[in-house]
1. Identify, please: which residue in segment 129-156 is of a type in the set (Phe, Trp, Tyr) and in contact (Cβ under 8 Å) with a residue 24 or more places away in the chain and is, among those, nearest to residue 90 (Cα to Cα)?
2. Within the set of pairs 6+ apart or on separate chains, which have a first residue in segment 56-82 that is under 14 Å from residue 40 (Cβ atoms), a second that is buried (at least 17 other Cβ atoms within 10 Å of the Cβ) and of a type in the set (Lys, Arg), and C-beta atoms under 8 Å apart?
3. Just to be sure before I move on: is residue 124 at pLDDT 95 or above and either in a helix (DSSP H, G or I) or on the phi > 0 side of the Ramachandran plot (or both) in the structure I sent?
4. Identify the single condition in (1) assigned to a helix (DSSP H, G or I); (2) of a type in the set (A, V, I, L, M, F, W, C); (3) over 22 Å from residue 115 (Cβ atoms) that residue 24 does not satisfy, given that it satisfies every other one.
5. List pairs: first residue in segment 1-21 and surrounded by 14 or more Cβ atoms within 10 Å (Cβ to Cβ), second residue among the charged types (D, E, K, R) and assigned to a loop (DSSP other than H, G, I, E, B) anywhere in the structure, Cβ distance under 7 angstrom, at least six positions apart or on different chains.
Amino acid sequence: MAKYRLGKRSLRELEGVHADLVAVTKRAIELTPQDFSVHDGLRTLAEQQRLVERGASKTLSSRHLSGHAVDLVPYINGKLRWEWEPLYLVADAMRLAAQELSIPIRWGGAWDQTLTECVDCPEDLATDYAARRRQAGCRAFLDGPHFELPVALYPA
């Protein structure tokens, strides 16, 4: 029996999201040692524009606009929390669920890799990604709650 389940708000946020990503998210909540909520699924262009203006997103070409991305936020003591330690647990649950279902997933903690193909722990993936970006002279945009289907396999 699963320890956690998605609540009504989370299920509403999954409306319009690609069925493969919904399946991974629903399986991840059954596997995770860390409760989480679906904070964002499908977004309108106006919502995305506001997030870019606030600096919470870097693009108007977000996979959220086509239903190919979700933001999953740890739920701790009745509150949504954005700390990295619980985000790593959610990321690992998403990786396990995606591997189990044979659905590739990208994670905002290591944008340049497919999470389902990685063996390192999520903390190491994020640390190594940030180091690669610095080494390339670029700033790393780490988005721990973000998970998406790869555009090459799931075009908008």
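1. Quick first cut of segment 129-156, residues of a type in the set (Phe, Trp, Tyr) only: 129, 141, 147, 154.
Adding the requirement that they be in contact (Cβ under 8 Å) with a residue 24 or more places away in the chain leaves 141, 147, 154.
Working: 141: 19, 147: 10, 154: 22 Å.
Only one residue tops the list, namely 147.
2. The qualifying pairs are 62/43; 64/43; 65/43; 69/63.
3. Working: at pLDDT 95 or above: yes; either in a helix (DSSP H, G or I) or on the phi > 0 side of the Ramachandran plot (or both): yes.
In short, yes.
4. Of (1) assigned to a helix (DSSP H, G or I); (2) of a type in the set (A, V, I, L, M, F, W, C); (3) over 22 Å from residue 115 (Cβ atoms), only one is false for residue 24: (3).
5. Hits for this filter: 4/35.
The values are calculated or read from the model by the stated rules, or taken from the named source; none is laboratory data. From a predicted model like this one, the values you see are computed outputs, not experimental measurements. Ideal geometry is used to build each Cβ from the backbone, glycine not excepted, and the neighbour counts take in all protein chains shown.
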